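In what follows, a structure is listed as structure tokens, so that the remarks can point back to it.
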Amino acid sequence: MAELRAQRKSAGGDISGRHVRAPWSLPIFASFVTLAFVLVSLASPDGGARAMAVIAPGVTSRTDVQTLAVDGDYAASVGRDGFSITVPVVEKPARTAPAAGTPDPGSAQAIAYEMVMARGWDESEYSCLVALWNRESGWNAFAHNASSGAYGIPQALPGEKMASAGADWATNPATQITWGLGYIASRYSTPCGAWAHSELKNWY
């Protein structure tokens with residue numbers, strides 16, 4: 001050992017026995033550490049794995065179905081992923097009424113029957129008229145609706161409208177029926193048209 005020290009001393013080296021680093025080793029080590037930190041920061045922490053949402057058909061089943069029902073005159077059904085929208089058909093009221101039968105002679109209904117036939121309408125139109133004015137006034141020429149002011153067999157509103165068919169509009173069933181049939185023809189074409197509207201809206 002003494003000989004080794006003597007050799008180092010003669011060569012100008014360190015004889016203390018400590019390890020001595022080369023002057024270039026520290027900069028290289030620092031560069032390596034810095035490079036390692038940079039590479040680690042650039043690397044994906046999950047090692048390149050990617051989370052993916054997978055929807056497997058048939059894995060779950062749903063029995064709850066949300067349904068929206070809307071009134072309308074048509075039908076449509078659209079469904080997807082357990083949800084559906086259905087628009088049902090709303091049946092329109094029948095355009096005809098139950099058969100009225102033969103009216104009593106001399107009655108307001110008998111007068112109406114003659115006028116209906118004179119217009120070229122048939123028995124079904126007469127039946128619709130009977131049902132309509134049964135609902136409106138019960139065929140009472142003096143029927144008066146206190147809340148609306150409607151008057152007479154056809155429930156004209158106001159009753160004075162019927163003056164266009166005759167000055168005796170307030171008391172004469174024939175005058176009221178004449179006016180009422182004219183009103184129906186101008187607005188609904190036929191008594192059954194007026195009856196269908198009354199069935200739907202409860203007024204005509």
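Okay, residues lined up against (1) among the charged types (D, E, K, R); (2) over 23 Å from Gly106 (Cα atoms); (3) crowded, with 18+ Cβ neighbours inside 10 Å; (4) out of contact with any strand residue (DSSP E or B) (no Cβ under 6 Å at 6 or more places or on another chain):
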| residue | (1), (2), (3), (4) |
| --- | --- |
| Ala146 | no, yes, no, yes |
| Tyr151 | no, no, yes, no |
| Pro154 | no, no, yes, yes |
| Met162 | no, no, yes, no |
| Ile177 | no, no, yes, yes |
| Gly180 | no, no, yes, yes |
| Arg187 | yes, yes, no, yes |
| Thr190 | no, yes, yes, yes |
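Taken together, Asp81, Asp104, Asp71 contain a single residue that is under 37 Å from the mean Cα position of the chain (by Cα), modelled with pLDDT of 55 or more, loosely packed, with under 10 Cβ neighbours inside 10 Å and not basic (Lys, Arg), which is Asp81. Are any of the residues in the range 125-143 more than 17 Å from Ala97 (Cβ to Cβ), among the hydroxyl-bearing types (Ser, Thr, Tyr) and at pLDDT 95 or above? No, that holds for no residue.
When Trp169, Trp133 are checked against the criterion of being closer than 18 Å to Trp195 by Cα and either of a type outside the set (S, T, N, Q) or in contact (Cβ under 8 Å) with a residue 24 or more places away in the chain (or both), a single residue qualifies: Trp133.
Scanning the range 163-181 for residues that are within 18 Å of Val116 (Cβ to Cβ) and either under 46 Å from the mean Cα position of the chain (by Cα) or small (Gly, Ala, Ser) (or both) gives Ala165, Ala174, Gln176, Ile177, Thr178, Trp179, Gly180, Leu181.
The values are calculated or read from the model by the stated rules, or taken from the named source; none is laboratory data. For clarity, every value in this text was computed on a predicted model and none was experimentally measured. Note that we place each Cβ from the backbone using ideal geometry, even for glycine, and neighbour counts take in every protein chain shown.
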